[in-house]
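Readers should treat all values here as calculations from the given coordinates under stated rules, not as data from a laboratory. Note that the structure is predicted; figures quoted are calculated from it, not measured. Positions of Cβ are backbone-derived with ideal geometry, glycine not excepted, and every protein chain shown enters the neighbour counts.
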Amino acid sequence: MSLLHQVGLTFIKNIGPTLARSLLIHFGDAEQIFKASKWKLLKVPGIGEKTFSGIDFAVALFKAEEELKFIEKNEVKVVFYTDSAYPKRLKNCADAPILLYSKGNANFNLPHVVSIVGTRSATEYGKQLCRQLVEELQQYNILIVSGLALGIDVATHKESLKHNIPTVGVLGHGLDRMYPSQNRSTADKMLENGGLLTEFPSGTIPDRENFPQRNRIVAGMADATVVIEASVKGGALITAEIANSYNRDVFAFPGRVDDEYSEGCNFLIRNNKAALLTCAADLAYSLGWERGDDTKKAIEQLTLPMDLSADERIIFDIINQHKTPLAIDDLTIKANMPMSLLAMNLLNMEMQGFIRSLPGKIYSVN
């Protein structure tokens, strides 16, 4: 598939990510789209006369040729939607970009990917939480993603570099510039273990409307999004909302009720838009990141099933007999137990380490 046509596809007027994917599915590759007749293009769902009238393949290819010069000169990597290097988690999002530009050596598909976001006006409390979280995450094979903005974002990247954790900054502009400029030295260091990522071609300035678009990549390429500090208005809460719309896990650190920059986190937790987070272990446990059989065996040795009550043993046996985790609704039917009593027993068993709770009120044996 021609790189020229892949890049050119992003320069076609009136063709966004969703319609570009429809064209790819219909024609097979980007080059065939540029060769298609009007009659064939109009057969693609979403392409009407109005959309077609704005299409100018010649202009798109001219812009793509100019962009290729920049790509080659600056050693920029182009990651197309069909490439194996494309972030597989992001690919599952309906509005995922058809093409990404990257610099550095990041593997976007490590076993674990977490996005960490927060206010640009980070307090010492927020910075300390950031240091603690990133340090604890280094034990996992993880990629940490953020937006390379001031405050929590850049603190996240700096802590990741400090602990030799690969980290990626998603930008709201082209790779020919750095905004904010004071983060350039951090960005340069990130190229050695992680890198920079954007959907915007060179020449794109950091317009305000670019950042919500940037935020969907931050949310979409991760297993979970962590909000460290945030006011009720701002990019961090937008990212959390996007992550929720993608059915991704969202976590937030709580703060004092009178703290402006904890107000957003408390709002997310209060409205069940984020799970309360106190440390990396909470995150790993919720996402099922416990490591190896040694921990599992140790728990089994320390807490024996004989300690269970009669009701708890019934629940334990039901969960244990199933190869896959069970939802609470199925459990209440199989155990023939009122939901309130079941919930109380499940909480007791989880606190003792017999079972674990997974996202969506699903339970499995520990």
Do any trypsin sites (Lys or Arg not before Pro) in region 167-273 lie in a loop, going by DSSP, with at most 13 other beta-carbon atoms within 10 Å of their beta carbon, and if so which?
Arg208, Lys233, Arg256
Find me the longest stretch of the chain that has none of the exposed GluC sites (Glu not before Pro), where exposed means in a DSSP loop (not H, G, I, E or B) with at most 15 other Cβ atoms within 10 Å.
76-191
Between Ala275 and residues 5 or more places away or on another chain, the pairs with built amide H atoms under 5 Å apart involve Val250, Phe251, Ala252
Low-density loop positions, trypsin sites (Lys or Arg not before Pro), region 36-94 - DSSP coil, at most 15 other Cβ in 10 Å
Lys43
Classify the chain as rounded, prolate or oblate from the Cα gyration tensor: take a ≥ b ≥ c as the square roots of its eigenvalues, call it rounded if a/c is under 1.5, otherwise prolate when a/b beats b/c and oblate if not.
prolate
Region 104-286: relative contact order in percent, alpha carbon pairs under 8 Å with at least 6 residues between
23 percent
Show the residues, 5+ positions off or on another chain, whose built amide H is closer than 5 Å to the amide H of Leu358.
Tyr363, Ser364
Simple label model, 7 Å out from Cα along Cβ direction - Leu191 to Asp329, nm
5.2 nm
Region 145-199 and region 1-73: distance between their alpha carbon centers, rounded to Å
30 Å
Rel. contact order, % - alpha carbon contacts under 8 angstrom, at least six apart, the chain:
12 percent
Expected unfolding gain across Thr18-Asp317 under the 0.36 nm per residue rule, minus the alpha-carbon gap, is 103.0 nm
Classify region 1-73 as rounded, prolate or oblate from the Cα gyration tensor: take a ≥ b ≥ c as the square roots of its eigenvalues, call it rounded if a/c is under 1.5, otherwise prolate when a/b beats b/c and oblate if not.
prolate
Too long for a 24 Å Cα-Cα cut-off, among Lys38/Lys73; Lys13/Lys38; Lys13/Lys73; Lys88/Lys323, are Lys38/Lys73; Lys13/Lys73; Lys88/Lys323
Tell me what the chain gives for mean residue ellipticity at 222 nm when only DSSP H runs of n ≥ 4 count, each as -39,500 (n - 2.57), the sum divided by the residue total, rounded to 500 deg cm²/dmol.
-13000 deg cm²/dmol
